[in-house]
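Reviewing the structure listed below.
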Amino acid sequence: MGASVTDHRQPVRPPATRLLTVLASAVLAGAGFGALTSLVNGVSDHYADFESRQATTGGTSPVEIASVLLDSGWAWAGAAVAIGWLVTRATKNLPVALTHGAVAGVLALLAATGAYGLTDTIRNEATYPWYESESPLWWVASFVLGAPLGAIGACIKRPGWTGLLARLTVPVGAAAQMIVLPPGRNERITTIGQAVVLTAAAALSGFVIVRFLRTERRRPTPLTPTGPD
């Protein structure tokens, strides 16, 4: 009597189902990021004493530092990269991963921009429509930059130099912005923000490079064929 064999393989989802999952995940994650950023900014503004010259020129608080970190260009770009990686990490087909990552990046930034504007409108009890609270530039930038950023996220799990460059995109970009165009309403906040981001970027870049070198060192090299003696 033959033993029964149980198939433990996971059912393969249809391409349309996988695409819908990507779209929903990107929109939800992007909207969550945008709303969180607006809320942190609102708390930061509430506790900042803008009428005090001393507080304006040198005052700071932990929530203001969090606001500076979240509402920076590199953080929004990093969110698109992270979401591109998140929705494609189980996809083995590179063209499919790149396509899904690009679509996810666009949707994530559009959703983040919309959620940010909507949350701002609700917080401020504004009378104008929520979609007018943000400059058209941000909507265009979300569409134009979201695709390449999401595609970069889809390359993070790839081996070799492609994966290395993708993994270094966010820390290198963050360090570059904090050096060239650092945010912050006063010098002290800017300096603290730079210290936090540059330290984290250096640590993450070092970790990524060391891990890459170790992986490459362990990679088996093809055997050189030898002819008959």
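On full extension, the segment bounded by V43 and W139 gains 32.1 nm, given 0.36 nm per residue less the C-alpha separation.
Most exposed first by the Cβ proxy, i.e. fewest other Cβ within 10 Å, how do H100, H46 rank?
Numbers: H100 26, H46 9.
If I rank by nearby Cβ atoms, fewest first, I get H46, H100.
Exposure proxy ranking for K92, K157, based on other Cβ atoms within 10 angstrom of each Cβ and starting from the fewest, stands as K92, K157. Residues T37, T121, arranged from fewest to most other Cβ atoms within 10 angstrom of their Cβ, appear as T121, T37. Placing one equal scatterer on every Cα of segment 16-218 and applying the Debye formula, the log10 ratio I(q)/I(0) at q = 0.19 Å⁻¹ is -1.32. If we count every other residue with Cβ under 14 angstrom of T169's Cβ, Lys/Arg +1 and Asp/Glu -1, where does the sum land? Value of the local net charge: +3. Highest mean packing first, where packing is the average number of other Cβ atoms within 10 Å per residue, the peptides 110-117, 181-188 line up as 110-117, 181-188. Charge dipole (Cα centre; +1 on Lys/Arg Cβ, -1 on Asp/Glu Cβ; no other charges) of segment 16-218 amounts to roughly 1420 debye.
Since every read-out is calculated from the coordinates, none of them should be taken as a lab result. Being a predicted model, the structure only gives us computed values, none of them experimental. Every residue, glycine as well, gets a Cβ built from its backbone with ideal geometry; the counts of neighbours run over all protein chains shown.
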